[in-house]
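These notes are about the structure you will find just below.
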Amino acid sequence: MTTTTAASSAATGQPQTATSELDGIYRKIIWRLIPFLMLLWILAWIDRVNIGFIKLTMLDELKWSEAVYGLGAGIFFLGYFFFEVPSNLLLQKIGAKKTLMRITIGWGLTSIATMFVKTPEMFYFLRFLLGVFEAGFYPGVILYLTYWFPNDRRAKAFGMFMSASAFAGVIGGPLAGAIMTGMHGVNGWSGWQWVMLLEGIPSVLAGFATWFYLTDRPEQANWLTGRERLLVSQDLERDRKALGSREHSMLASLKSGRIWLLILIFFCIIAANSSLTFYGPTLVKEVGFTSPVAVGWIMAFAYLCGAAGMIWNGFHSDRHQESRWHCALAAALGAASLLAVALFLGHSALAVLAGLTLAIVGTMSAIPVFWQMPNRFLAGTAAAGGVALINSMANLAGFGAPWMLGLIKTSTGSLSPGLYVVAAVEICATLLILAVVPALRAQPAGAAATR
């Protein structure tokens, strides 16, 4: 028994033998659920961001400007905004299997349809539709994991799941580069069209697999023994009591200033994350790497570092029972690195690539720890709607930031001015976390999950 585990046992009031047995049960749950959810998130992320790679040839072929691309990249998040809360409320009502199956099949078919776009209007419509279908997946999984893990074990689970977006960059970059290079001209289609087709089909297939594989709640898990289901149920009940009184009403939670502060914090983080997602390949190209394959491998390395950062930060947060500084310092690293990219763009390729990698590490590492905060004071319907509301409204930054960067790039010929703005926005996340997160604590003294 490690010191950390012993301390955790003392804090929860549970015998060490029970805690040790629970450790084994939660490892079993992690290995059952997290790899599959990671696979779905990898597919979703690839289908969402592959336009960052196909733009390297698509814009020239279709005679579109950077502004057209930036608007199309960002309009995805408008679909998110309008449909995310209803989707999460539906998940709570009908379960995760049905909701995630619908979402996954829908975004896969939309991704495939994007291969046939000819006009900006078609592009905008399908990007919006992709957001509509994907709405609810990310906050839905966040909500789903709260059904399985107590607060003091969630950061690790969140970090593992969310690291899939970084692994998607590791896989998606080289894969898109290889398809664009190797399949160009086959059947009369361009390489970027083949990317949309071949990366959309697996999502459709995975959607059908979701129905047969996932289990909605621990009490329904026939892959756990009766005793394991009982211990998890008791532990989740212990966690609910430790967290104290939380808001269950969605309407009442909206009257609280805390949820709006969380929206603002996550907005600042997402502004940087979406900028790196949709303009990372462009930055690599601007420092001299014009081959789609080379761009893909460079981005793969950056996202591999991002995945390591997400997992480590989530694990470290759980181990030390602290989330405020873990989130704030990660966001600060992202902001400082974005500033370095803006300063050195056009002067030092090595500095730009190093800054881009560290910006991805910092920004992505802040995300899983951030999601520890809402569940401290929301439960039930308020948690389902609140998590979705935070994610949907904050993701409007995913609409604004790429569009802003595209407009600035079109008008000035450089991404640096836009990156200065994004860096300033992300440093606001650090300042807000340090200023307001202590006021968000809703747990009684001595609660197991106190951060």
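Quick notes on this one:
- Filtered residues of region 281-327 (kept if of a type in the set (Gly, Ala, Ser), under 14 Å from Ile367 (Cα atoms) and assigned to a helix (DSSP H, G or I)): Gly306, Ala307, Ala308, Gly309, Gly314, Ser317
- Of everything listed in (1) in a helix (DSSP H, G or I); (2) farther than 21 Å from Ala157 by Cβ; (3) at pLDDT 85 or above, the single unmet condition for Asp235 is (2).
- Meets criteria (out of contact with any strand residue (DSSP E or B) (no Cβ under 7 Å at 6 or more places or on another chain), assigned to a helix (DSSP H, G or I) and either of a type in the set (Gly, Ala, Ser) or at pLDDT below 95 (or both)) for Pro438: yes
- Filtered residues of region 82-126 (kept if polar (S, T, N, Q) and either in contact with a Leu (Cβ under 8 Å, 6 or more places away or on another chain) or in a helix (DSSP H, G or I) (or both)): Ser87, Asn88, Gln92, Thr99, Thr104, Thr110, Ser111, Thr114
To keep it simple, each residue is scored yes or no on (1) under 21 Å from the mean Cα position of the chain (by Cα); (2) of a type in the set (S, T, N, Q).
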site: Leu39; (1), (2): yes, no
site: Leu43; (1), (2): yes, no
site: Leu56; (1), (2): no, no
site: Val85; (1), (2): yes, no
site: Gln92; (1), (2): yes, yes
site: Thr104; (1), (2): yes, yes
site: Trp107; (1), (2): yes, no
site: Lys118; (1), (2): no, no
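For every residue, the table says whether it meets (1) within 25 Å of Ile263 (Cβ to Cβ); (2) buried (at least 24 other Cβ atoms within 10 Å of the Cβ).
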{"residue": "Arg319", "(1), (2)": "no, no"}
{"residue": "Trp325", "(1), (2)": "yes, no"}
{"residue": "Ala331", "(1), (2)": "yes, yes"}
{"residue": "Ala351", "(1), (2)": "no, no"}
{"residue": "Ala354", "(1), (2)": "no, no"}
{"residue": "Thr363", "(1), (2)": "yes, yes"}
{"residue": "Trp371", "(1), (2)": "yes, yes"}
{"residue": "Pro374", "(1), (2)": "yes, yes"}
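- In the set Phe133, Phe137, Phe116, only one residue is farther than 21 Å from Ala397 by Cβ and either touching a Ser or Thr at 6+ places or on another chain (Cβ under 8 Å) or surrounded by fewer than 24 Cβ atoms within 10 Å (Cβ to Cβ) (or both); that residue is Phe116.
The values are calculated or read from the model by the stated rules, or taken from the named source; none is laboratory data. Values in this document were obtained by computation on a predicted structure and should not be read as measured data. Glycine also receives a Cβ, built like all others from the backbone with ideal geometry; neighbour counts cover every protein chain displayed.
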